[in-house]
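Participant: My questions all concern the structure below.
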């Protein structure tokens, strides 16, 4: 008999348990389900003055549960806006701030315009054209000459990052004049500083250890191939 009572008690406990997968989705999960229930209780209060008083208590609770909100500029208004959001904007209370509109909070962000012009030289990137435009607008003189030199050094670095072969100064100078459509002319006698033999140029996202691992894999693969060919000749 006692065993049967225990089984019945366990069944009652199981029937009361609620799982998050069966619950209604929270509008603002950072405040938790308890605050969401508090908001629903506030909405059910008939007296407007009491409803407003309880709303202020809920906002204070939200502040305590989310102290990092103080880092925002208008954190108090944000709390009240969040209260209305959790109430699905169906809350008639005396608020220190205007009631937000659903269209304002959930406004669809504007599309960011994307440059659709084709890249003239992929390995230099799109921003290189903006730099060329800037340098082209400078008056002739020492500053412009230095800017052209710095531009050439940068372009050489980008070239070597995306191409394994070495590149001559003449090639970089030709690319500058080509990309600028003749607006930039490299002064005669300009020479870029000689690169160190130890210089290494890695593509973005590839750290030196990854590069070395890839090189070692290639060498190991080549060695295995050589060993197999030697074994075959035996």
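Participant: Arrange the following residues from fewest to most other Cβ atoms within 10 Å of their Cβ: 191, 42, 167.
Facilitator: Details: 191 8, 42 22, 167 15.
Result, fewest neighbours first: 191, 167, 42.
Participant: On to the next question. Any idea how far the Cα center of the stretch 26-79 sits from the one of the stretch 151-183, in Å?
Facilitator: Result: 59 Å between the Cα centres.
Participant: Starting with the highest mean, order 149-162, 24-37 by the number of other Cβ atoms within 10 Å, averaged over the residues of each peptide. It would help to have the intermediate numbers written out before the result.
Facilitator: Working: 149-162: 17.0, 24-37: 13.2.
So the order, starting with the most tightly packed, is 149-162, 24-37.
Participant: Hey, what's the Cα Rg ratio for the stretch 122-205 versus the globular rule of thumb, 2.2 N^0.38 Å?
Facilitator: Numbers: Rg = 12.9 Å, N = 84, 2.2 N^0.38 = 11.8 Å.
Ratio of Cα Rg to 2.2 N^0.38 Å: 1.09.
Participant: Let me ask something else. Would you mind giving the three semi-axes, in whole Å and largest first, of the ellipsoid equivalent to the stretch 16-105 according to its Cα gyration tensor?
Facilitator: Working: eigenvalues 85, 59, 34 Å².
Largest first, the stretch 16-105 gives 21, 17, 13 Å.
Each value in this text was obtained by applying a stated rule to the coordinates, not by laboratory testing. This is a predicted model, so every value here is computed, not measured. Here the Cβ is made from the backbone with ideal geometry for all residues, glycine too, and neighbour counts use every protein chain on show.
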